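What follows is one structure encoded as structure tokens, with my remarks underneath.
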Amino acid sequence: MKKSYKMNIFPQRFIQELSNHTGYPVSRLLGRNSIWRVYDTLSCQRNHNLTTPGWATQEVLNTLQEISSFEVMFSVVTHKRKEKARLSGGVLLNAILRNFSKAMEQGSTLKFIMYSAHDSTLITLQAALDVYNGLLPPYAACQLFEFYQEDDGSYSLDLYYRNDSSRDPYPTPVPGCETTPCPLTSFTDLVKDVISTDWDAECGLKPSWSNTGVIAALAVAVAILTMALLASIAVLIHQRRNLYSREG
């Protein structure tokens, strides 16, 4: 059912021609985010002034971009957005909230914090915030958080999205927040469903040793081996002394 749905949305002739040009079978191109990867590669080549294949005309790129936008929207936002956000963009959002907490509790002197990220990371962050506009982020796009302390001592924030260097960033109101800027308490409550408290458990990962545990285990193993080696040397020395004593 999923495959037939995609075949109805994607132009079949275009997909077949793309298969001929890229060498990817049609079944692979219709897989999850596969066309996005083709578009992303060609887009990166263009932005870095590298030579692109002759078949990658502007019309082809426009079609790839349109299909890629649909793929991403369908993959990230359309179905179980909050559940997927908990395992992706919600992780970064939680880190940003921790930065806010540090600023409030410790009076941090930092005025600006910047994360470098891929476009896919930016998309999942915006999906967690429920502000993704369905368009693929261009190079240097960024999601801005402005954090304020109000006159009454409370805290609030505004969101902005910059995806166009020719104009000021676009305000992105927080969905569900009744005021602008949005009080931090309201914002935290609105995004609580996309914040995971135990990412490993929700991903179904088996518990693994921490770095500290591994180092401690290695230290114990080295100590035991060292003691065994010293004991062996002591036994050999004692045996040789006894041998010399009998010969004398």
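Readers should treat all values here as calculations from the given coordinates under stated rules, not as data from a laboratory. Quick caveat, the model's predicted, so the values are computed rather than measured. Backbone-built Cβ (ideal geometry, glycine too); neighbour counts: all protein chains shown.
With 10 Å bins beginning at zero, the pair-distance distribution over Cα atoms of the stretch 45-113 amounts to 16, 24, 21, 26, 11, 2 %. Its Kirkwood hydrodynamic radius, worked out from the mean inverse distance over all distinct Cα pairs, puts the stretch 2-79 at 12.9 Å. Fully extending the segment from Val26 to Asp151, taken as 0.36 nm per residue of separation minus the present Cα-Cα distance, adds 39.0 nm.
Of the chymotrypsin sites (Phe, Trp or Tyr not before Pro) found in the stretch 133-167, those that fall in a DSSP loop while having at most 14 other beta-carbon atoms within 10 Å are Tyr139. Projected label points at Glu59 and Ala221, each 7 Å from Cα along the beta carbon direction, are separated by 6.3 nanometres.
For the stretch 83-201, the fraction of alpha-carbon pairs lying more than 21 Å apart is 39 percent, rounded to a whole number. Sparsely packed loop sites in the stretch 68-177 (the GluC sites (Glu not before Pro) outside DSSP H, G, I, E and B with at most 14 other Cβ atoms within 10 Å) comprise Glu150. Shape analysis of the stretch 1-147 yields a ratio of the Cα radius of gyration to the Kirkwood radius, Rg/Rh, of 1.06.
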